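Written below as structure tokens is the structure these notes are about.
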Amino acid sequence: MANIGQLLTLRPASAKAGPRRGTDLKELGTIKDAAVLCMEGTIVSVGTTRDALRDAWLKRNRSKVTEIDCSGNVVVPGFVDSHTHPVFMAPRLVDFEQRIEGASYEAIAAAGGGIRSSLEAVRKASKTALAAKIAAVLLEMSAHGTTTVEAKSGYGLTIESELKSLEAIRDASSGWPGTVVATLLGAHVVPKEFDGRSQNYVEIVCNDMIPRVARRKLAQFVDVFCDTGAFSPEETSKIFEAAETHGLSVRAHMGQLSETVLSPFFRFQPASFDHMDHVGEADIAQLAKRDTVATLVPGANYFLGLKQYPDARRMIEAGVPVALATDYNPGTSPTISMPMAMSLACTHMKMSPAEAVAASTINGAWALRVADRKGSIEPGKDADLAVFSAKDYREIPYWFGANHCATTVLNGVVASHS
Ligand SMILES: [Zn+2]
């Protein structure tokens, strides 16, 4: 790739290891008039176009190289969307309309809407039908610059349908050149057949779902929706313990509807806590000392029509590593667009465009524990890049609601969209 007007490498901003925090979050490692050489899915060299043209190896092998002329445009590391729920069959249009008429999240759930209303269709669907839905979404995501996606199950909530959902994720990802990290979200909500006996359902998650998923290597992570109306902190700890026993890492939906004290969970070394609309001072101070990433998903706040957004500034200033993700799901955030999440982060959470870029790339990679391969443009890392039809990276969150991604490179595979 040559003639890159602005290349945002996101190479390390300082000698500090771990996810970006504080002022390091806005260090983009920009190179002007840049070029990137990739070979067999790996980045080999990064520098100026002038230096690349002088390179002896490149001079000899130029005819063998596929050259992408970026025409002075912006290139960023492929986005890492570290929180998505793509395994569902249909949009939730009734919920959408009821919410506009004033119904709350809890009222919609109580009336049979919400997460539970997606269950029936997923339970009935064939694995092939689910995989086709996921595959279409992955394609759409890469057309918007995303190259790594975390994909959760969680709309089946029986052993069979959760396994089917994870198999569908695996099947869909095998046909997509990007990278998918799968997460078991068997603890999304207590299914209605377990009303009043959530502990029985938690036992199924711990004793059946997690061991089977781990044995078949269908997921790297176990996620829990820990909140009022979902799973309690005690139940969450139990599920985390089962995950740990079976060698799976953990992450959780935390603080979306109400505050949960985080300290009991740190011993499980969660990769990330997601949403984080409600979080206390003591926990912010703890997170500032740890590598657990706070993954903010402003698309959900936007789509629910909330006035309040997570307090990103308070977290960033305290030194908490933050990431951004779409939270793509049919109920509360039906967007696949990382640029849209970035735009919302800038306008509603007062993150700078630079912070939004780092939160959507290198810190997303940390939140998925793939930062050794993803999230920055450096020699040795996977060839995951996105070209935007823009001269300045700030245009990415600026032109909200339209897609300006022209080309995406996923593990070295080039996909052009224009
Ligand atoms: Zn979610």
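What residues have an amide H closer than 5 Å to that of N403, excluding those fewer than 5 places away on the same chain, when H is modeled at 1.01 Å from N in the peptide plane?
Distant-sequence amide H within range of N403: zero hits.
Near K59, which lysines are there with a Cα under 27 Å away, not counting those fewer than 8 places off in the same chain?
Partners within reach: K32, K381.
Pick from G72, G154, G229: which is most flexible by mean-square fluctuation in a GNM of the chain where alpha carbon atoms under 10 Å apart are linked?
G229
Using the Cα gyration tensor of segment 147-199, with a ≥ b ≥ c the square roots of its eigenvalues, what is the shape: rounded (a/c below 1.5), prolate (a/b larger than b/c) or oblate (neither)?
prolate
Return the Rg/Rh ratio of segment 198-332 with Cα-based radii and a Kirkwood Rh.
Over the Cα atoms of segment 198-332, Rg/Rh equals 0.97.
From the Cα gyration tensor of segment 182-263, with a ≥ b ≥ c the square roots of its eigenvalues, which class applies: rounded if a/c is under 1.5, or else prolate if a/b is larger than b/c, or else oblate?
Since a/c reaches 1.5 but b/c is at least a/b, the shape of segment 182-263 is classed as oblate.
Just to be sure I understand the rule: take each whole DSSP H helix in the chain, project its Cα atoms onto its long axis, keep it if the span is 20 Å or more and its mean Kyte-Doolittle hydropathy is at least -0.5. Which ones pass?
The qualifying helices are 127-143, 159-174.
Around V250, which amide H atoms from residues at least 5 apart in sequence, or from another chain, sit under 5 Å from its own amide H, with H modelled in the peptide plane?
Residues meeting the amide H criterion: V222, A271.
For a test of the definition: using alpha carbon positions, the gyration tensor, and the 1.5 limit on a/c, classify segment 316-371 as rounded, prolate or oblate.
Taking the square roots of the gyration eigenvalues as a ≥ b ≥ c, segment 316-371 is oblate.
Return the single residue from R54, R216, R290 with maximal mean-square fluctuation; model: Gaussian network over the chain, springs between Cα atoms under 10 Å.
Looking only at R54, R216, R290, the biggest GNM fluctuation is shown by R54.
Give the lysines reachable from K152 as a straight Cα distance under 22 Å; neighbours fewer than 8 places away on the same chain don't count.
K124, K127, K133, K164, K192, K217, K238, K374
Pick from A151, A356, A230 the residue whose mean-square fluctuation is largest in a GNM of the chain, springs joining Cα atoms under 10 Å.
Most flexible of the set in this elastic network: A230.
If you restrict to DSSP beta bridges whose two residues both lie in the chain, what percentage is antiparallel, to the nearest 5? Intermediate results must be reported in sequence, preceding the final value.
Details: 24 of 55 bridges.
Approximately 45 percent, going by the DSSP bridge assignments.
Just how far, in whole angstrom, is segment 339-406 from segment 180-206 if you go by their alpha carbon centroids?
Result: 33 Å between the Cα centres.
Check A383: other-chain or 5+ apart residues with amide H under 5 Å from its amide H, H built from backbone geometry?
It is T42, I43, N411, G412, by chain and number.
Please list, in order along segment 394-409, the HN-Hα scalar couplings obtained from phi with the Karplus expression 6.51 cos²θ - 1.76 cosθ + 1.60 (θ = phi - 60°), rounded to whole Hz, x for Gly and Pro.
Per-residue couplings from phi come out as 5, 5, 4, x, 6, 7, 5, x, 9, 9, 10, 7, 8, 9, 10, 10 Hz.
With the Cα gyration tensor of the chain in hand, convert its eigenvalues to equivalent ellipsoid semi-axes via √(5λ) and list them largest first in whole Å.
For the chain, the semi-axes come out at 36, 22, 20 Å.
Rounded to the nearest 0.05, what FRET efficiency is calculated for E193 and K16 with R0 set to 30 Å and r the Cβ-Cβ distance? Each step should come with its number before you reach the end.
On the way: r = 49 Å, r/R0 = 1.63.
Using R0 = 30 Å, I get an efficiency of 0.05.
Assuming 0.890 mPa s and 25 °C, estimate D for segment 303-418 with Stokes-Einstein, Rh taken as the Kirkwood radius over Cα pairs, in µm²/s.
161
In what order do T408, T361, T147, T49 fall by count of nearby beta-carbon atoms within 10 Å, going from fewest to most? Each step should come with its number before you reach the end.
Values: T408 25, T361 32, T147 29, T49 20.
Result, fewest neighbours first: T49, T408, T147, T361.
Between the alpha-carbon centers of segment 1-16 and segment 211-270, tell me the distance in whole angstrom.
Going from one Cα centre to the other spans 35 Å.
With n ≥ 4 as the cut-off for DSSP H runs, can you work out [θ] at 222 nm for the chain, using -39500 (n - 2.57) per run divided by the number of residues, rounded to the nearest 500? Can you show the working numbers first?
Numbers: 17 runs with 145 residues, N = 418.
Counting only the DSSP helices, I get -9500 deg cm²/dmol.
How many angstrom lie between the Cα centre of segment 34-81 and the Cα centre of segment 298-334?
Computed from Cα coordinates, the inter-centre distance equals 34 Å.
Applying 1/(1 + (r/R0)^6) with R0 = 56 Å to the Cβ-Cβ distance of T23 and K59, what FRET efficiency is obtained, to the nearest 0.05?
On the way: r = 40 Å, r/R0 = 0.72.
After rounding to 0.05, the efficiency reads 0.90.
Report the far tail of the P(r) of segment 16-67, meaning the percent of Cα-Cα pairs longer than 16 Å.
So the portion of pairs separated by more than 16 Å is 53 percent.
Excluding residues fewer than 8 places away in the same chain, name every one of the lysines whose C-alpha is closer than 21 Å to that of K350.
Those lysines meeting the cut-off are K26, K307.
For labels at F400 and E106 in the simple 7 Å Cα→Cβ model, what's the distance in nm?
Between F400 and E106, the simple spin-label model gives 2.8 nm.
Coordinate-derived values only; no laboratory data. Keep in mind that what you see is a predicted model, and the values were worked out from it rather than measured. Positions of Cβ are generated from backbone atoms using ideal geometry, with glycine treated the same way; all protein chains shown enter the neighbour counts.
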